[in-house]
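K.L.:
There's a structure below that I have some questions on.
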Amino acid sequence: MNMGIDSIAGMMDQTYRSASNGRTEALQKRAGADLSEADDKELMEVCKEFEAYFVEQVMKEVEKTIPKSEDEDASMSQLTEFYKEEMIQTLAQDVCKQQNLGLAQQMYEQMKRNYTG
């Protein structure tokens, strides 16, 4: 079976989209679930996941403002896009772990008041 770079890049792009949509759906389900019975650790974990997702989306929007190179061919562009998405996701998670942005903490405190108050 002989596969060209375009076929491989297309498969990677489709795989990324499926994984990205699945990740978003999983986060929506978890955040939208009834967390009234969740312990403090579970509640904070959901808040941290949302914070990382939010930072990731902000980074993606910022990245869109960077001019694209017109010299890049289509197959390389798809491969670059796939790895860039992975890098942004990892970077967003690292930023949230290393920096105290406070979004997760504020969400946690609000959710605690809603569920206990």
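K.L.:
Across region 53-65, in residue order, what do the Karplus-derived ³J(HN,Hα) couplings come to in whole Hz, using 6.51 cos²θ - 1.76 cosθ + 1.60 with θ = phi - 60° and x for Gly and Pro?
P.N.:
Values, residue by residue: 5, 4, 4, 4, 5, 4, 4, 5, 5, 5, 4, 5, 7 Hz.
K.L.:
Please enumerate, by chain and number, the lysines with C-alpha under 16 Å from the C-alpha of K60, excluding those fewer than 8 residues away in the same chain.
P.N.:
K68, K84
K.L.:
Want the number for S69 to K112: 0.36 nm per residue separation, take away the alpha-carbon distance, what's left?
P.N.:
Gain in length upon complete extension: 10.7 nm.
K.L.:
Return the lysines within reach of K41: Cα separation strictly under 27 angstrom, same-chain partners fewer than 8 residues apart disregarded; answer none if there are no such residues.
P.N.:
Once the sequence-local lysines are set aside, what remains near K41 is K29, K97, K112.
K.L.:
Further, regarding this structure: For region 34-117, with every protein chain kept in place, what is the accessible area per residue (1.4 Å probe, Å²)?
P.N.:
So region 34-117 comes to 72 Å² accessible per residue, rounded to a whole number.
K.L.:
List, in order, the whole-Hz ³J(HN,Hα) value for each residue of region 37-52 obtained from phi through the Karplus relation with A = 6.51, B = -1.76, C = 1.60 and θ = phi - 60°; use x for Gly and Pro.
P.N.:
Along region 37-52, the couplings run 9, 6, 7, 4, 5, 5, 5, 5, 4, 4, 5, 5, 4, 5, 4, 5 Hz.
K.L.:
Please give the FRET efficiency for M87 paired with K41, using the beta carbon to beta carbon distance and R0 = 30 Å, rounded to the nearest 0.05.
P.N.:
0.55
K.L.:
Let me ask something else about it. For region 106-114, just list the computed ³J(HN,Hα) in residue order, Karplus coefficients 6.51, -1.76 and 1.60, θ = phi - 60°, integers in Hz, with x standing in for Gly and Pro.
P.N.:
Along region 106-114, the couplings run 5, 5, 4, 5, 5, 5, 4, 5, 5 Hz.
The values are calculated or read from the model by the stated rules, or taken from the named source; none is laboratory data. Note that this is a predicted model, so its numbers are computed, not measured. Neighbour counts run over all protein chains shown; Cβ positions are idealised from the backbone, glycine included. Heads up: the accessible areas ignore ligands, DNA and RNA and are worked out on the full protein's heavy atoms, side chains in. Shrake-Rupley method; radii C 1.70, N 1.55, O 1.52, S 1.80 Å.
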